[in-house]
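The values are calculated or read from the model by the stated rules, or taken from the named source; none is laboratory data. This one's a predicted model, so the numbers in the text were calculated from it and none came from an experiment. We place every Cβ from the backbone using ideal geometry, glycine too, and count neighbours over all the protein chains shown. Note: accessible area is taken over every heavy atom of the protein model, side chains too, but ligands, DNA and RNA are not part of it. Shrake-Rupley method; radii C 1.70, N 1.55, O 1.52, S 1.80 Å.
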Amino acid sequence: MTTLRIGYPGDDRVMLEIPDDLPEHEEIWVWDLLFAATLHECHGEPGVAEWQEDRATWAVNMAGKVFLPPEEISADGQVRFGEVVVESGTVEDTDPVEIELVHEGSALPGLRARWPDDLPVGRRLQAVDALAQFFMDRNRLFLRELPLHLLAMQKFYQEERSAADPESVGEAPVYALNKAMEYFESRRQELSEPVSFFDTPGSSSS
């Protein structure tokens, strides 16, 4: 079982302990699950709706840039996702956040998250931001996919189910994954240059 651990060494600092065996192609799925679970569990708490809207605004601004070279996306070479400072290493908190990934066969993993009982909502939102920032910094594909997944989940919450609905925790990530796949497939078809064959003069057969 793969377990991610999250600690808080300072007010605006988050420490991530990420196992080496987490495949890069699962990172966006893991983040989507954490985002959806956090929105559900923190639904209605002060500041959560504004946080969600800020992330959607970030996604709108980033969506048109996902195919640009990394150096053209941000002048300083790094895309910021929130204000949190992310560190990686061993989490020494006595009661850390623990995120367990449950694999069954070849399917994408499920997620079980354990939060300390007294952890403020703001800290939970910081954990979501920190994980996104960590994955973006090390995985170009995650940076390309994140805006599309965020916009898809925003559409899901507006048109399909509220984050207050427990079913949204599983359905929103699946919706985002499918919408992103549809988008990338349409882009692939647009960028594919069709090949046509023309008869040369005198090449017609009798």
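Over the residues of segment 2-186, compute the C-alpha Rg and express it relative to 2.2 N^0.38 Å.
0.98
Could you provide, to the nearest whole Å², the per residue accessible area of segment 2-186 with probe 1.4 Å?
49 Å²
Determine the calculated [θ] at 222 nm for the chain from helices alone, applying -39500 (n - 2.57) to every DSSP H run no shorter than 4 residues and normalising by the residue count; nearest 500 deg cm²/dmol.
Only helices count here, giving -15500 deg cm²/dmol.
At a 1.4 Å probe radius, carbon and sulfur cover how many percent of the accessible area of segment 2-186?
48 percent
What is the dipole size for the chain, taken about its Cα centre, with +1 at each Lys and Arg Cβ and -1 at each Asp and Glu Cβ, in debye to the nearest 20?
Dipole of the chain, to the nearest 20 debye: 520 debye.
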